[in-house]
Amino acid sequence: MDTIGQVIDFHCLMLDIGGMKKKNHDPDNLIRKMVKELELSEAFFRFLLPDHIKQLIRLKTLRPAEDAFADEALQEYFSDTIFEVELNSSSEENPQSLLLLVEYVRDPDEFLALQLMEYLLESYCHQAEQEMAGKRKMRPILPLVFYYGPLSWQPKTFPELFEPINEILKEYIPDVPFLFFSLTDTPDEEILNMG
């Protein structure tokens, strides 16, 4: 973060997150605040994304993604939780970007990985149509799950939904890797020290 004001704003956001953790509030206000103030979103992703991903992207180019889904209901649903960021390898001649899809979860969902797979498939099909029409190239999507429920929880991966399963068959089950952040399992001190 570049300015003292941005640092203060980000720490206020973290206090909001801490309050959400204690009171089990929905994240709507947090999401609206992040979308309005992209510097806060940038700091949020700076904390959540692993270093090997942060090294690939230009966080300063973070912006809401407006054309990730063909389905209007999905685009509306994700209108404030899907972001686009340029890759470091991007150039004017060869623009490249990554979509960051944030799914906020309050209640543990055994089939979360299947839901994420559905979202990704919908977006990738839409992106393929756009590329075939010559509008823009496909972009990879990195799903991030932000859990803020009252109970400790670790979501299952898609292959784990089939366990126990024969190892030979396991290689034919697709996987949907996603980043998982549990507000519930993160100490308050760590939340307040984000950014």
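The values are calculated or read from the model by the stated rules, or taken from the named source; none is laboratory data. Predicted model only: the values in this text are computed from it and were never measured. Note that we place each Cβ from the backbone using ideal geometry, even for glycine, and neighbour counts take in every protein chain shown.
Name the single residue, out of those in the stretch 14-55 being within 15 Å of Val102 (Cα to Cα) and of a type in the set (Lys, Arg), that is modelled with the highest pLDDT. By that ranking, first place goes to Arg46.
In the set (1) farther than 26 Å from Asp188 by Cα; (2) among the charged types (D, E, K, R); (3) in a strand (DSSP E or B), the condition left unmet by Glu103 is number (1).
Of (1) modelled with pLDDT under 90; (2) crowded, with 20+ Cβ neighbours inside 10 Å, Asn94 satisfies all except one. Which? Looking at each condition in turn, Asn94 falls short on (2). A count restricted to the stretch 65-91 and to residues that are of a type in the set (Phe, Trp, Tyr) and modelled with pLDDT of 85 or more stands at 1. Just one of the numbered conditions (1) in a loop (DSSP other than H, G, I, E, B); (2) closer than 23 Å to Asp175 by Cα; (3) hydroxyl-bearing (Ser, Thr, Tyr) is not true of Ser90: (2). Checked against the criterion of being modelled with pLDDT under 90, in contact with a Phe, Trp or Tyr (Cβ under 7 Å, 6 or more places away or on another chain) and among the aliphatic types (A, V, I, L, M), the stretch 56-64 has no qualifying residue. Specify the residue that is farthest from Leu183 (Cα to Cα); the eligible residues are those in the stretch 140-169 that are of a type in the set (A, V, I, L, M, F, W, C) and over 17 Å from the mean Cα position of the chain (by Cα). Here the answer is Ile168. Per the conditions (1) of a type outside the set (Phe, Trp, Tyr); (2) part of a loop (DSSP other than H, G, I, E, B); (3) buried (at least 19 other Cβ atoms within 10 Å of the Cβ), the sole criterion not satisfied by Leu151 is (3).
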